[in-house]
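The values are calculated or read from the model by the stated rules, or taken from the named source; none is laboratory data. The model shown is predicted, which means the values in this text are computed figures rather than measured ones. Positions of Cβ are backbone-derived with ideal geometry, glycine not excepted, and every protein chain shown enters the neighbour counts.
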Amino acid sequence: MNQLALTLPNYPSIPENLNFIGQTLTLKTDTPADIINTLIPIIFILAGIILLFILVFGGFTIFLSAGNPEKIKKGTGMITSALIGFLIIFAAYWIIELLQITFGINILGTPPAPPTPPIPNPCPRPPCFTPL
């Protein structure tokens, strides 16, 4: 199982090159899984940038409130919403990482972690006694 989504018959074509922030991204458009695997990291980057701007704007709103309780409440709400959004992004990233490890699929462009080697038996022949 190395695909995130199924291949759909008669799937419409999407251009293979996207211009994203001055960089040309090449999309593999063979299956919807290829498109999803290309777009998920971009979505995480954009979400992080938006999160940073909301945190900074909320801080400036509190800083420039001049003691106005309504503006302080608005700025605090923005920062709280940004932190909740960060927790959602963080959880989504680690859920995707767990899916990569569990199913051996490549979603974020990083290869799955190799299996851990077995732990050697410290006592090859019983009875083993540990010093006190």
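Looking at 121, 106 in this structure, which one is part of a loop (DSSP other than H, G, I, E, B) and within 21 Å of residue 41 (Cα to Cα)? Step by step, each of 121, 106 is checked, and only 106 is part of a loop (DSSP other than H, G, I, E, B) and within 21 Å of residue 41 (Cα to Cα). Looking across the stretch 73-91 at every residue that is exposed (fewer than 13 other Cβ atoms within 10 Å of the Cβ) and within 16 Å of the chain's Cα centre (by Cα), the one that is nearest to residue 45 (Cα to Cα) is identified as 90.
Of all the residues in the stretch 30-66, those that are farther than 26 Å from residue 107 by Cβ and either among the small types (Gly, Ala, Ser) or at pLDDT below 90 (or both) number 4. When 114, 69 are screened for being at pLDDT below 90 and of a type outside the set (Lys, Arg), only 114 passes.
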